[in-house]
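*Asks:* The structure under discussion is supplied below as structure tokens; questions concerning it will follow.
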Amino acid sequence: MGISIKNLKPRIKKIRLLDVGNPVDRVRYFPKAGFNRFWGLFSHDIGIDLGTANTLVWVRGKGIVIREPSVVARHKKTKDILAIGGDAKKMLGRVPTNIEIIRPLKDGVIADFDAAELMLAHYIKKVHVSGTVIPKIPRPRVVIGIPSGVTEVEKRAVADVALEAGAREANLVEEPMAAAIGANLPITKPAGNFIVDIGGGTSEMAVISMGGIVVGRSIRVAGDEMNEAIVNYVRLKYSLLLGEATAEEVKIAIGTSRDEKEKYFVARGRDLETGLPRSLKLSSSEISEALSETIREIVGNIVETLEETPPELVSDIMEKGIILAGGGSLIPGIESVISEKTKMPVVVAEDPMSCVVRGCGALLEDSALLEKIRLTRGV
């Protein structure tokens, strides 16, 4: 059974964020646990990494079922959704003026509420498509990872989007905490764990101990800024304008932060002098130069986070090393640069791009830990 994207329409209703530490909220809302169990029979519990670049969805009992770009194609006049995810990303820079390509999230927070809601509703409905006699009803309990540096208004926006998209309960957790759980770090023990999550919109650094963040930073310098750095470098050096999608292809193909065997990539763009199309052969050493300033800023913040860390926790981190997660950690040599600057071992987590969503999934299995570390709970 397929899903019609055109049928996704925004709904308006009042949302209430609960203070789970408030006894009044507990008395008033916790009797609804029986309804939660009822809905649990007909819907999936899901974990969501609502990222600037990509959205990943984890379904309880199934694992990761969706890995799609956070991109929406929408008609400007009618506001009809034309495509979501990979299909929408293919349209970047290739659409007429009456169609807009939207990235609903920017720097880790929601920039377009309606587009984010429709994208999330599409994915929630997609994971509830059932081939069995008993249909699944898309009313899930969700855990969503959000950047640690967001404001209360930005937290509320994420919870509202999830609830408007069909969730019966939205639990928000900090991305570095979710990434640490997804990387199998012992976050509940009295020992230091240093996680660095380099995503598309934000880079998160956190020292975690006893189930809480002791020292943390969230900077809006990450994969998108790397793409922008490549565009600026090629424009200034070669007077060639690259598209955003092409810059990302260059980064993935030959992006590096160290001197290694030279690799090449042929990029195509528009010559700023003649206005005509032109091809250019770029080398990995040039891209390393283009990315150097962005990587230097990320590494500088990692060092500053370590400087603020209590000595006993630093000792633990020296023994275990710094753990890298997120798509940015896949850039060859970035772990060597961080290790050289911090004088500590650095390890890239297994499947670093899915650490946050796997952590959200693990929290759905451990209600006690979720109760302890979640930021807010919306119903």
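The values are calculated or read from the model by the stated rules, or taken from the named source; none is laboratory data. As the structure is a prediction and not an experimental result, all values here were calculated from the model. Cβ: placed from backbone, ideal geometry, glycine included. Neighbour counts: every protein chain shown.
*Asks:* All but one of (1) at pLDDT 95 or above; (2) in contact with a Pro (Cβ under 7 Å, 6 or more places away or on another chain) hold for residue 202, so report the exception by its number.
*Replies:* Failing condition for residue 202: (1).
*Asks:* Only residues in region 339-356 that are on the phi > 0 side of the Ramachandran plot count as the first member; pair them with residues that are small (Gly, Ala, Ser), Cβ under 9 angstrom, at least 6 apart or cross-chain, and list the lot.
*Replies:* If the second residue must be small (Gly, Ala, Ser), the pairs left are 351/182.
*Asks:* Go through (1) modelled with pLDDT under 95; (2) more than 18 Å from the chain's Cα centre (by Cα) for residue 223 and report which single condition fails.
*Replies:* Among (1) modelled with pLDDT under 95; (2) more than 18 Å from the chain's Cα centre (by Cα), residue 223 violates only (2).
*Asks:* Can you spot a residue in region 218-225 that is without any contact (Cβ under 8 Å) to a residue 24 or more places away in the chain and either of a type outside the set (Val, Ile, Thr) or crowded, with 21+ Cβ neighbours inside 10 Å (or both)?
*Replies:* So in region 218-225, the residues without any contact (Cβ under 8 Å) to a residue 24 or more places away in the chain come out as none.
No; the residues of region 218-225 include none that is without any contact (Cβ under 8 Å) to a residue 24 or more places away in the chain and either of a type outside the set (Val, Ile, Thr) or crowded, with 21+ Cβ neighbours inside 10 Å (or both).
*Asks:* Within region 103-129, restricting attention to residues that are over 16 Å from the mean Cα position of the chain (by Cα) and among the aliphatic types (A, V, I, L, M), which residue is farthest from residue 148 (Cα to Cα)?
*Replies:* Filtering region 103-129 for residues that are over 16 Å from the mean Cα position of the chain (by Cα) and among the aliphatic types (A, V, I, L, M), the one farthest from residue 148 (Cα to Cα) comes out as 129.
*Asks:* For the list (1) outside the structural domain of residue 344 (by TED's automatic domain parsing); (2) modelled with pLDDT of 95 or more; (3) of a type in the set (Val, Ile, Thr), I need the number of the one condition that residue 256 fails.
*Replies:* With (1) outside the structural domain of residue 344 (by TED's automatic domain parsing); (2) modelled with pLDDT of 95 or more; (3) of a type in the set (Val, Ile, Thr) applied to residue 256, the lone miss is (2).
Residue by residue, here is whether (1) polar (S, T, N, Q); (2) out of contact with any helix residue (DSSP H, G or I) (no Cβ under 7 Å at 6 or more places or on another chain); (3) buried (at least 22 other Cβ atoms within 10 Å of the Cβ) holds:
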position	(1), (2), (3)
87	no, yes, no
104	no, no, yes
120	no, no, yes
123	no, yes, yes
142	no, no, yes
160	no, yes, no
166	no, no, no
171	yes, no, yes
179	no, no, yes
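*Asks:* If you check 296, 270, which single one turns out to be not assigned by TED's automatic domain parsing to the domain that holds residue 204 and not aliphatic (A, V, I, L, M)?
*Replies:* Of the residues listed, the single one that is not assigned by TED's automatic domain parsing to the domain that holds residue 204 and not aliphatic (A, V, I, L, M) is 270.
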